[in-house]
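S.K.: Just dropping this structure here.
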Amino acid sequence: MKKTLSIILMLFLSLTLVVTMPAGVTFADDSGGGTGSETVSFDPLLRIPFTDLYKTGQFTIPEDIPKASVKADKVSGGLMITLSGNDIQTGLFTLTDELDFSDKTIGRISFDGLADRKVDAEVSVFLDDADTPLTTFTLKRKPGNSAWTAKGDITQDVLKKGITGSHRVSFSIKASAPEETENMKVLIRSIEFSENALPVLYFDIDESDSNPTIKEMNSDENHHTECYGNVTLQIPPGYEAEYTDDVLKTKTYELDYIRGRGNTTWWANKKPYKLALEIKANLLGMCKNRH
């Protein structure tokens, strides 16, 4: 079974960051210190918290779900949703204001949420009046009996969808196996849209048969455990590399191996890795090499 490695390596070569605040999404200041009439400009390319929008009426829940089933949870910072019976396959939760991506192209969508332990739940994201979801996330489970504060971020690549301009965003929640699920509790925190302006490396790791797993590689502090598979270097439209004038294209390369590296850096939140290709390749004009 092949499995996508849960890391995305951004290649920062030459970057000028310009932060803009596009119009189109506003919500009232609910900090408690204002009069309630203030509005705050919100950039859709940043993380959009459902609790803030829900409190100000700019995030609607499906009509078939009782309002008592949705509650803001201060500890976890999200909306706790309790579903049962026919409600375990919901209608659409909707951001009432359109998100304006202007002339940017969305590369990835991230969803932060958790399903209760022993519960398999899916979130499907829709744009405008589409019947087919743009992408579907399988929520992570809350670990054991711990609080709902665990990280739940999941990211999907949507660059090929060509998302740009203004759109209304909605999503549905359902049990992966509704016929086996009587009650379901999920937590939803936020959705995030990221512009893909830089190259990204996606690793597809083969964990079949006797091959080492990603978990085994990440558990080996001596870095003897190697994983195998391939790596795709995704090139966003219009990207110009610093080291070549050639027109670059997305391409997949076979790995000789990937393994951990570093000593104290290995214990950081973002782990460092070393990879070797089967055949030398000239990545982004940085000269041919296997490593």
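The values are calculated or read from the model by the stated rules, or taken from the named source; none is laboratory data. Computed from a prediction, not measured in an experiment: that's the story for all the values here. All Cβ positions, even for glycine, are placed from backbone atoms using ideal geometry, and neighbour counts span all protein chains on display. In case anyone asks, the SASA skips ligands and DNA or RNA and just uses the protein heavy atoms, side chains included. Shrake-Rupley method; radii C 1.70, N 1.55, O 1.52, S 1.80 Å.
S.K.: When we measure straight from the Cα of Lys67, which aspartates and glutamates land under 15 angstrom away, once same-chain ones fewer than 8 places off are left out?
M.R.: Answer for Lys67, where 15 Å is the Cα cut-off: Asp87, listed by chain and number.
S.K.: R0 = 35 Å: FRET efficiency of Asp209 with Met286, Cβ-based, nearest 0.05?
M.R.: E between Asp209 and Met286, to the nearest 0.05, is 0.55.
S.K.: Also, I was wondering about something else. Measuring from a point 7 Å past the Cα of Asn183 along Cα-to-C-beta, which residues in the stretch 108-122 have an amide N at less than 20 Å?
M.R.: Inside the label zone: 114-122.
S.K.: Note the full-extension length gain between Arg141 and Glu254 as 0.36 nm times their separation in residues minus their Cα-Cα distance, in nm to one decimal.
M.R.: Once the chain is fully extended between Arg141 and Glu254, it gains 37.5 nm.
S.K.: Let me ask you something else. For the peptides 235-246, 129-140, what is the packing order when you average, over each peptide's residues, the other Cβ atoms within 10 Å and list the highest mean first?
M.R.: Listed from highest to lowest mean packing, they are 129-140, 235-246.
S.K.: Could you tell me the distance between the Cα centroids of the stretch 163-234 and the stretch 46-90, to the nearest Å?
M.R.: Cα centroid to Cα centroid, the span is 24 Å.
S.K.: Here is the link list: Lys104/Lys271; Lys118/Lys151; Lys161/Lys249. Which ones come out longer than 20 Å on Cα distance?
M.R.: Where the Cα-Cα span goes over 20 Å, the pairs concerned are Lys104/Lys271.
S.K.: I would also like to ask the following. At 0.36 nm per residue, minus the direct Cα-Cα distance, what do Ser166 and Lys118 gain on full extension? Give it in nm, one decimal, please.
M.R.: Separation in residues times 0.36 nm, less the Cα-Cα distance, equals 13.5 nm.
S.K.: With only Lys, Arg, Asp and Glu charged, each at its Cβ (+1 for the first two, -1 for the last two), find how big the charge dipole of the stretch 180-287 is about the Cα centre; round to the nearest 20 debye.
M.R.: 400 debye
S.K.: Can you give the Rg/Rh ratio of the stretch 157-211, where Rg is from the C-alpha atoms and Rh is the Kirkwood radius?
M.R.: Radius of gyration over Kirkwood radius for the stretch 157-211 works out to 1.08.
S.K.: Moving to a separate point now. Hey, can you find the accessible area per residue of the stretch 158-218 for me, probe 1.4 Å, expressed in square angstrom?
M.R.: It amounts to 44 Å² per residue over the stretch 158-218.
S.K.: In addition: Test of understanding: what is the full-extension gain from Lys71 to Arg261, defined as 0.36 nm times their sequence separation minus their Cα-Cα distance?
M.R.: 64.0 nm
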